[in-house]
């Protein structure tokens, strides 16, 4: 039996071409695409299609979304953490946050992760598979439907490494910004990478105008290689060369994520070295107090140390801020809820 096509990962043009082969008019493709863009979970919900057409489409296509199986709401700031079940029984997480500028959702791009950063919970569960573009999109739609409000900003910083799922992520970006669909602004989307330099060059050449966030977390190769194995393939020098190319090609400022780990990477010397590394790059440093990670002994830097680190960076001409922590009472870092659901401790968390 022929496998059904994943219609939620298809563009309007692709659906239109398929429907022509089925003898269906173009306006039907527009109807179906709009339903999918609003988060329809199946053809049965598409009320302006005839029963016969819905049955015909069900024979050829699958609508693979996500299902909310667990939800935690912060009593402190209203942050919502979702655990989603996928069509094959796998699980991913997303976190929805409210800011003065709108509603942002941090979503996953893979089930698990290959990168194995020492302070991240996701990699401890291993890697299962990439998410399709439709599955990535469905996280945004499910969060929006659940709260009854439009999501205005997207952060690709949940489970997985987005640039390790490059083609599906590019397709997701196309679907999310399509004017006939969700019509989100590319400038309202942030993509976070642990530093796949080759893909940063590829992304730069597309000039997409999204915000690139690079998880740096160390000022030198010695510290970074201990905490982030990806550094052994793409050392800081090579990574920052790619970042310079990205900033120069796109004209977009890069956000460098830096997890503050007490006694590891938070000294004045580290701050000075980091500032020197970033000299000449259109950049902003986003300092993140690291989450407690079981088995490593890592502890977050104290408030005074965080402030001093910011001072040193600013003294050397680098703008920096300490990221506001949301959802502290629900362990809002991705990877924790999935591990609990699947029998892990759940005490670990992404930076």
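The values are calculated or read from the model by the stated rules, or taken from the named source; none is laboratory data. Everything numeric here is computed off the predicted structure, so don't read it as measured data. With ideal geometry, Cβ positions are generated from the backbone for all residues, glycine too; neighbour counts draw on all protein chains shown.
Quick look at the values:
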| read-out | value |
| --- | --- |
| Count of residues meeting criterion [part of a loop (DSSP other than H, G, I, E, B), over 11 Å from the mean Cα position of the chain (by Cα) and buried (at least 19 other Cβ atoms within 10 Å of the Cβ)] in the stretch 135-161 | 1 |
| Unique match (being in a loop (DSSP other than H, G, I, E, B), modelled with pLDDT under 95 and surrounded by fewer than 21 Cβ atoms within 10 Å (Cβ to Cβ)) among 297, 317 | 297 |
| Matching residues in the stretch 111-132 - criterion: being part of a helix (DSSP H, G or I) and under 22 Å from residue 97 (Cα atoms) | 122 |
| Boolean, residue 277 is touching a helix residue (DSSP H, G or I) at 6+ places or on another chain (Cβ under 8 Å) and in the same structural domain as residue 204 (by TED's automatic domain parsing) | yes |
| Matching residues in the stretch 136-152 - criterion: being touching a helix residue (DSSP H, G or I) at 6+ places or on another chain (Cβ under 8 Å) and under 26 Å from residue 228 (Cβ atoms) | 136 |
| Scan of the stretch 26-66 for residues that are at pLDDT below 95 and farther than 25 Å from residue 145 by Cβ, ordered by number | 26 |
| Single match in 213, 225 (criterion: out of contact with any helix residue (DSSP H, G or I) (no Cβ under 7 Å at 6 or more places or on another chain) and either closer than 30 Å to residue 37 by Cβ or free of Cβ contacts under 8 Å to residues at least 24 places away in the same chain (or both)) | 213 |
| Test: residue in the stretch 108-126 that is touching a residue at least 24 places away in the same chain (Cβ under 8 Å) and under 22 Å from residue 209 (Cα atoms) | yes |
| Which numbered condition residue 33 misses (of (1) on the phi < 0 side of the Ramachandran plot; (2) over 28 Å from the mean Cα position of the chain (by Cα)) | (2) |
